[in-house]
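Visitor: I'd like to ask you about the structure that follows.
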Amino acid sequence: MSASISDDYVIRAIRTDEWPAVKQLRLDALRDPAAHLAFLESYEEAVAKPDSFWQDRAAGGGEGAIGARQIIAEAPDGEWVGTVTVLFEEAGTVDWAGGVVERKQGHVVGVFVRPEHRGTGLIKALFDAGLEWAWARGAERVRLYVHQDNGRAQAAYRKVGFGPSGETVPFVHDAGQRELEFVFERE
């Protein structure tokens with residue numbers, strides 16, 4: 001972990017039984033002022049989902065899950081203050097945007113750090129754990145998509161070692177806008 005983060009923070013994978021906390025953190029993220037640029041769903045869409053959705057989400061990204069890993073930052077008081085989810089994409093499969101995945105890779109989604117914990121190095125600790133999981137699964141690189149107008153997120157991703165690949169995809173909510181692919185290549 002970064003030296004600027006208190007040793008009292010715990011960076012770890014979620015557990016299946018923690019689905020209520022998974023749901024709450026996601027709903028909190030969807031209330032962020034940049035949520036309309038950062039996430040592909042709205043607060044209203046997410047809050048309407050049944051508990052079974054959140055239970056499945058926690059099972060699919062928790063400890064021991066093969067295809068995804070949701071990592072959280074837990075403060076000393078037990079509050080979840082940040083999260084990163086890494087999906088594993090196999091070469092030859094089709095990704096969410098309809099493109100063919102060319103090599104084994106991680107795909108970062110659902111990045112969120114509570115505003116009062118931003119700028120502390122916590123995002124680097126979350127990304128480090130996510131990258132470690134992806135490398136252990138045999139990923140050759142890790143990617144993410146960031147909205148063309150989300151400068152705050154772009155700056156954070158550059159700070160942890162990601163950079164633009166030059167690839168773009170249309171933004172789901174407005175095809176006239178673009179999402180930029182950022183990548184972290186394994187050394």
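The values are calculated or read from the model by the stated rules, or taken from the named source; none is laboratory data. Here the structure is a predicted model, which means the values were calculated and not measured. Using ideal geometry, Cβ is built from the backbone for each residue, glycine included, and neighbour counts are taken over all protein chains shown.
Visitor: Restricting attention to the range 98-114, does a residue exist that is within 17 Å of the chain's Cα centre (by Cα), more than 23 Å from VAL169 (Cα to Cα), of a type outside the set (Phe, Trp, Tyr) and not in a strand (DSSP E or B)?
Guide: yes
Visitor: Please specify each residue of the range 46-63 satisfying the condition of being in a helix (DSSP H, G or I) and either free of Cβ contacts under 8 Å to residues at least 12 places away in the same chain or among the small types (Gly, Ala, Ser) (or both).
Guide: ALA46, SER52, PHE53, ASP56, ALA58, ALA59, GLY60, GLY61
Visitor: Given the conditions (1) surrounded by 19 or more Cβ atoms within 10 Å (Cβ to Cβ); (2) small (Gly, Ala, Ser); (3) over 21 Å from GLY62 (Cα atoms), report the number of the one that ALA134 does not fulfil.
Guide: (3)
Visitor: A further question on this structure: Quick one: which residue in VAL169, VAL146 is more than 13 Å from VAL111 (Cα to Cα) and of a type in the set (A, V, I, L, M, F, W, C)?
Guide: Among VAL169, VAL146, only VAL169 is more than 13 Å from VAL111 (Cα to Cα) and of a type in the set (A, V, I, L, M, F, W, C).
Visitor: List the pairs whose first member sits in the range 134-154 and is of a type in the set (S, T, N, Q) and part of a helix (DSSP H, G or I), whose second member is modelled with pLDDT of 95 or more and surrounded by 18 or more Cβ atoms within 10 Å (Cβ to Cβ), and whose Cβ atoms are under 6 Å apart, counting only residues at least 6 apart or on separate chains?
Guide: Matching pairs, first to second residue: GLN154/VAL146.
Visitor: Read through the list (1) at pLDDT below 95; (2) farther than 22 Å from HIS147 by Cα; (3) surrounded by fewer than 17 Cβ atoms within 10 Å (Cβ to Cβ), then give the number of the only condition that MET1 fails.
Guide: Every listed condition holds for MET1 apart from (3).
Visitor: Just give me the residues in the range 20-45 being surrounded by fewer than 18 Cβ atoms within 10 Å (Cβ to Cβ) and either aromatic (Phe, Trp, Tyr) or part of a helix (DSSP H, G or I) (or both), in sequence order.
Guide: Within the range 20-45, PRO20, GLN24, LEU27, ASP28, ALA35, HIS36, TYR43, GLU44, GLU45 meet the criteria.
Visitor: What pairs come up if the first residue lies in the range 7-30 and is closer than 10 Å to GLN55 by Cα, the second is of a type in the set (Val, Ile, Thr), and their beta carbons are under 9 Å apart, counting only those six or more places apart or on different chains?
Guide: What qualifies is GLU18/ILE72; VAL22/ILE14; VAL22/ILE72; VAL22/THR83; LYS23/VAL47.
Visitor: Same structure again: Please list, ordered by first then second residue, the pairs with beta carbon atoms under 8 Å, 6 or more apart or interchain, first in the range 75-94 and closer than 19 Å to ALA136 by Cβ, second assigned to a loop (DSSP other than H, G, I, E, B) and small (Gly, Ala, Ser).
Guide: Once the first residue is closer than 19 Å to ALA136 by Cβ and sits in the range 75-94, its partners that are assigned to a loop (DSSP other than H, G, I, E, B) and small (Gly, Ala, Ser) give LEU87/GLY67; PHE88/GLY67; PHE88/ALA139.
Visitor: Find all pairs meeting these conditions: Cβ atoms under 7 angstrom apart; at least six residues apart or on different chains; first residue within the range 95-123 and without any contact (Cβ under 8 Å) to a residue 12 or more places away in the chain; second residue among the aliphatic types (A, V, I, L, M).
Guide: Listed by first residue and then by second, the contacts come to VAL100/VAL94; GLU102/ALA91.
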